[in-house]
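Taking it in order: structure first as structure tokens, then the write-up.
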Amino acid sequence: MTYSLRPARLCDAAKLPNVEQAASELFRTMPELGWLADAGNIPEDLHRARIPDGTTWVAEGADGEILGFLSAEATPGSLHILELSVLPAHHRQGIGTGLIETATAFAREKELGRVTLTTFRDVPWNAPFYARIGFSMIEDVNLDAYLRGHLDDEATLGMPREKRCAMERAIR
């Protein structure tokens, strides 16, 4: 499959929730997390608000189909990944890794020291995937207020705190 990576455009915003929904369907294979497939996605208007920040990228197929996206926000010293979603039919083609490399290059250009995210510890396409591409878990005692706040917010949405973690990838 041929695809290209590029910054998201406002006209992409309407397509991103559908990509996220398709990706979240994988949670249905895990009884304890299946509810996440019905939990809702980042709304189009929020994507429209974030895209001008330059921290959302898409993977686009040769036919113009959006195959995946990464949405992030810059914080003091870090680029935090808010969402990474790839259509299941296009998993294991390097799209997620490519989007992360693109975000990392952006963070490096902006002289940020790391890329961060929060994720599930034991879901195969979550923490184990990120660890394979250079992320490491941040122990709870070392969490900054921003990441602790994200994890706390996720817990209030029903994500079991003991199954979640924050991870970082240092930028050299």
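Only the coordinates and a few stated rules stand behind these numbers; no lab work does. What you are looking at is a predicted structure, and each value in this text was computed from that prediction instead of being measured. Neighbour counts run over all protein chains shown; Cβ positions are idealised from the backbone, glycine included.
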* Asked: How many nm is it between the label spots at residue 137 and residue 122, if each spot is 7 Å from the Cα in line with the beta carbon?
  -> 1.1
* **q = 0.10, 0.18 Å⁻¹, the chain: log10 I(q)/I(0) [Debye, one scatterer per Cα]** => -0.35, -1.27
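I'd like to know how the stretch 12-99 sits against the 2.2 N^0.38 Å rule of thumb: what's its Cα Rg over that expected value?
1.10
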* Structure fact -> Computed about the Cα centre, the charge dipole of the chain from +1 Lys/Arg and -1 Asp/Glu charges at the Cβ has a magnitude in debye, to the nearest 20, of 440
* For the stretch 153-162, in order, what is each residue's ³J(HN,Hα) by Karplus, 6.51 cos²θ - 1.76 cosθ + 1.60 with θ = phi - 60°, in whole Hz (x at glycine and Pro)? -> 4, 4, 5, 5, 8, x, 7, x, 4, 5
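Assuming 0.36 nm per residue, please report the length gained on full extension of the stretch residue 148 to residue 32 beyond their Cα-Cα distance.
39.4 nm
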* J(HN,Hα) series, the stretch 45-59, from Karplus relation 6.51 cos²θ - 1.76 cosθ + 1.60, nearest Hz, glycine and proline x -> 5, 6, 4, 4, 6, 8, 3, x, 6, x, 10, 10, 10, 10, 9
* Length-normalised contact order of the stretch 3-170 in % [C-alpha pairs under 8 Å, at least 6 apart] -> 19
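Of all beta bridges DSSP finds with both residues in the stretch 46-122, what is the antiparallel percent, to the nearest 5? Intermediate results must be reported in sequence, preceding the final value.
Values: 13 of 17 bridges.
In the stretch 46-122, DSSP labels about 75 percent of beta bridges as antiparallel.
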* To do: Taking amide H positions as placed in the peptide plane 1.01 Å from N, state which residues far from residue 138 in sequence (5 or more) or on other chains have amide H under 5 Å from it.
  => 166, 167, 168
* List every residue whose amide H lies under 5 Å from the amide H of residue 83, counting only residues 5 or more places away in sequence or on a different chain, with H placed 1.01 Å from N in the peptide plane. => 71
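Work out, step by step, the length gained on full extension between residue 110 and residue 6: first 0.36 nm times the residue separation, then minus their alpha carbon distance; give nm to one decimal.
Values: separation 104, 0.36 × 104 = 37.44 nm, distance 1.72 nm.
So the chain would gain 35.7 nm between residue 110 and residue 6.
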* Using θ = phi - 60° and the Karplus curve 6.51 cos²θ - 1.76 cosθ + 1.60, what whole-Hz ³J(HN,Hα) does each residue of the stretch 165-172 get, with Gly and Pro shown as x? -> 8, 9, 10, 9, 10, 5, 9, 9
